[in-house]
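Novice: Right, I'll just put the structure down here and ask away after.
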């Protein structure tokens with residue numbers, strides 16, 4: 001993997017603190033002990049997935065200070081260290097990564113971004129794009145991936161009815177004359193391939209299988225994430241989608 005400075009990387013801004021993970025009372029909250037402090041504080045967890053392979057007792061984490069009158073917590077848990085690498089767990093940040101860096105992906109270079117959060121009928125998709133050659137509109141749905149096992153990125157890490165519905169809606173959009181694309185953004189750098197997590201969510205896997213068979217395109221993008229020295233995140237390359245599912 002290329003360890004040089006990430007090309008056109010997104011700079012990470014804010015006040016960050018190192019901490020140690022203690023517990024997770026619910027999907028959206030965690031207890032952490034801030035560095036150089038003996039007290040535990042509650043932090044917001046911006047990824048509703050299980051994250052059980054990442055949020056282990058005493059895991060090193062990074063919390064960003066996000067104090068606001070409208071918040072119950074002063075910090076957001078943004079990064080988790082596993083082995084020697086960092087994993088970004090900000091789900092809402094994934095669309096921004098795509099928005100700024102999709103042009104790096106060979107399969108997406110022909111697209112021009114028109115707008116985000118596009119509604120078609122009763123369905124809402126992350127992005128509406130246009131093929132710059134043909135002028136045909138293309139719907140894009142973006143998913144964040146944080147789980148990697150044996151260098152294989154897996155999605156989802158928890159059952160997702162919403163995710164399965166999105167895939168089904170993209171497949172149905174093909175019948176209405178649209179192009180459709182799913183982009184899985186792997187927010188860590190240690191994967192060499194991707195496949196759906198059938199053991200965790202067979203329904204999502206089945207929907208993805210049918211969507212690919214119907215003509216929905218799939219792209220998987222690997223990210224370099226360095227919240228410590230360079231304080232940046234960037235798409236660095238595409239990885240293969242395993243088709244044996």
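Values in this text are rule-based calculations from the coordinates and carry no lab data. Given the structure is predicted, the values throughout are model-derived calculations rather than measurements. For neighbour counting, all protein chains shown are included, and Cβ atoms are generated from backbone atoms with ideal geometry for every residue, glycine included.
Novice: Below 8 Å, C-alpha to C-alpha, sequence gap of six or more: please give me the relative contact order for region 107-210 in percent.
Specialist: Relative contact order comes out at 25 percent.
Novice: Please order 168, 189 by the number of other Cβ within 10 Å, starting at the fewest.
Specialist: Exposure proxy ranking, most exposed first: 168, 189.
Novice: Sticking with this structure for a sec: Give the distance, in whole Å, between the Cα centre of region 170-245 and the Cα centre of region 57-100.
Specialist: 21 Å
Novice: How big is D, in µm² s⁻¹, for region 181-245 by Stokes-Einstein at 10 °C and 1.306 mPa s if Rh is the Kirkwood radius over C-alpha pairs? Could you put the intermediate results ahead of the total?
Specialist: Numbers: Rh = 13.0 Å.
Value of D from the Cα-based Kirkwood radius: 122 µm²/s.
Novice: Quick check: pseudo-label points 7 Å beyond the Cα along Cα→Cβ at residue 96 and residue 26, how many nm apart are they?
Specialist: Placing both labels 7 Å beyond Cα along the Cβ direction yields 2.5 nm.
Novice: Sticking with the crude label model, points 7 Å out along Cα→Cβ, report the distance from residue 199 to residue 109 in nm, one decimal please.
Specialist: So the two model labels end up 3.8 nm from each other.
Novice: Would you kindly state how much longer the chain becomes between residue 133 and residue 84 on full extension, computed as 0.36 nm times their sequence separation minus their alpha carbon distance, in nm to one decimal?
Specialist: Values: separation 49, 0.36 × 49 = 17.64 nm, distance 4.27 nm.
Here the segment from residue 133 to residue 84 would lengthen by 13.4 nm.
Novice: Which FRET efficiency value, to the nearest 0.05, do you get for residue 57 and residue 172 by plugging their Cβ-Cβ distance into 1/(1 + (r/R0)^6) with R0 = 35 Å?
Specialist: E between residue 57 and residue 172, to the nearest 0.05, is 0.20.
Novice: Ranked by Cβ crowding within 10 angstrom, fewest neighbours first, how are 86, 178 ordered?
Specialist: Lowest to highest Cβ neighbour count: 178, 86.
Novice: Determine the shape class of region 10-88: with a ≥ b ≥ c the square roots of the Cα gyration tensor eigenvalues, call it rounded for a/c under 1.5, and otherwise prolate if a/b is greater than b/c, oblate otherwise. Before the final figure, lay out the partial values.
Specialist: On the way: a/c = 1.27, a/b = 1.16, b/c = 1.09.
The shape class here is rounded.
Novice: Ranking 141, 106, 198 by Cβ neighbours within 10 Å, fewest first, what do you get?
Specialist: If I rank by nearby Cβ atoms, fewest first, I get 106, 198, 141.
Novice: Here's something else I'd like to know. Of the beta bridges DSSP finds with both residues in the chain, what % are antiparallel, to the nearest 5? Can you show the working numbers first?
Specialist: On the way: 48 of 69 bridges.
Roughly 70 percent of the DSSP beta bridges within the chain come out antiparallel.
Novice: Can you tell me the relative contact order of the chain? Whole percent, Cα pairs under 8 Å, sequence separation 6 or more.
Specialist: In percent, rounded to a whole number, it is 17.
Novice: I want to check the label-to-label distance for residue 149 and residue 240. Put each point 7 Å from Cα in the C-beta direction and report it in nm to one decimal.
Specialist: Result for the modelled spin labels: 2.1 nm.
Novice: Stretch residue 232-residue 161 to full length: gain in nm at 0.36 nm per residue minus the Cα-Cα span? If you can, show how the numbers build up before the last one.
Specialist: Values: separation 71, 0.36 × 71 = 25.56 nm, distance 3.18 nm.
Here the segment from residue 232 to residue 161 would lengthen by 22.4 nm.
Novice: How far, in nm, would the chain grow between residue 123 and residue 18 when pulled straight, counting 0.36 nm per residue and subtracting the alpha carbon separation?
Specialist: 33.8 nm
Novice: Expressed as cubic angstrom per residue, what is the convex hull volume of the alpha carbon set of the chain? Display every interim value, and only then the final one.
Specialist: Numbers: hull volume 33.7 nm³, N = 245.
Hull volume over Cα atoms, normalised by residue count, gives 138 Å³.
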